[in-house]
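The values are calculated or read from the model by the stated rules, or taken from the named source; none is laboratory data. Note that the coordinates shown come from a computational prediction; the quantities given were computed from them, not determined experimentally. Note: ideal-geometry Cβ built from the backbone for every residue, glycine included; neighbour counts use all protein chains shown.
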Amino acid sequence: MSRIIIFVFALLPLSLAASTTAITNHGAVVTEVAECSDIGVQILKQGGSAADAIIASAFCVGTISAYHSGIGGGGFMLQNP
């Protein structure tokens with residue numbers, strides 16, 4: 001019984017770590033932090049490029065949750081030429 005309880009509590013953070021998506025008429029920004037997605041959307045709304053939004057969102061994620069990005073972290077970018 002105690003193993004089941006430990007297993008449930010071990011999976012609890014996974015259910016709380018839902019990614020957030022912000023969509024505009026100009027594009028979409030997805031990060032694991034809502035505030036970082038909003039920063040990327042604001043840059044797109046102000047006329048910035050997709051690369052500008054990516055860089056700003058990446059800096060935000062690196063500041064708020066540094067263990068998710070940076071050297072040794074993961075990430076990818078899709079850009080339509």
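Name every residue in segment 40-64 that is within 13 Å of Gly27 (Cα to Cα), touching a helix residue (DSSP H, G or I) at 6+ places or on another chain (Cβ under 6 Å) and buried (at least 16 other Cβ atoms within 10 Å of the Cβ), in order of residue number. Talk me through it step by step, then tell me what you get.
As a first pass, look at segment 40-64 and keep what is within 13 Å of Gly27 (Cα to Cα): 40-54.
Of the ones still in play, those that are also touching a helix residue (DSSP H, G or I) at 6+ places or on another chain (Cβ under 6 Å) are 40, 43-44, 52-53.
Within segment 40-64, Gly40, Ile43, Leu44, Ala53 qualify.
Kindly evaluate Val41 against the criterion of being at pLDDT 75 or above, within 19 Å of Asn80 (Cα to Cα) and part of a helix (DSSP H, G or I). First the steps, then the outcome.
Details: at pLDDT 75 or above: yes; within 19 Å of Asn80 (Cα to Cα): yes; part of a helix (DSSP H, G or I): yes.
Taking the combined requirement at face value, the residue satisfies it.
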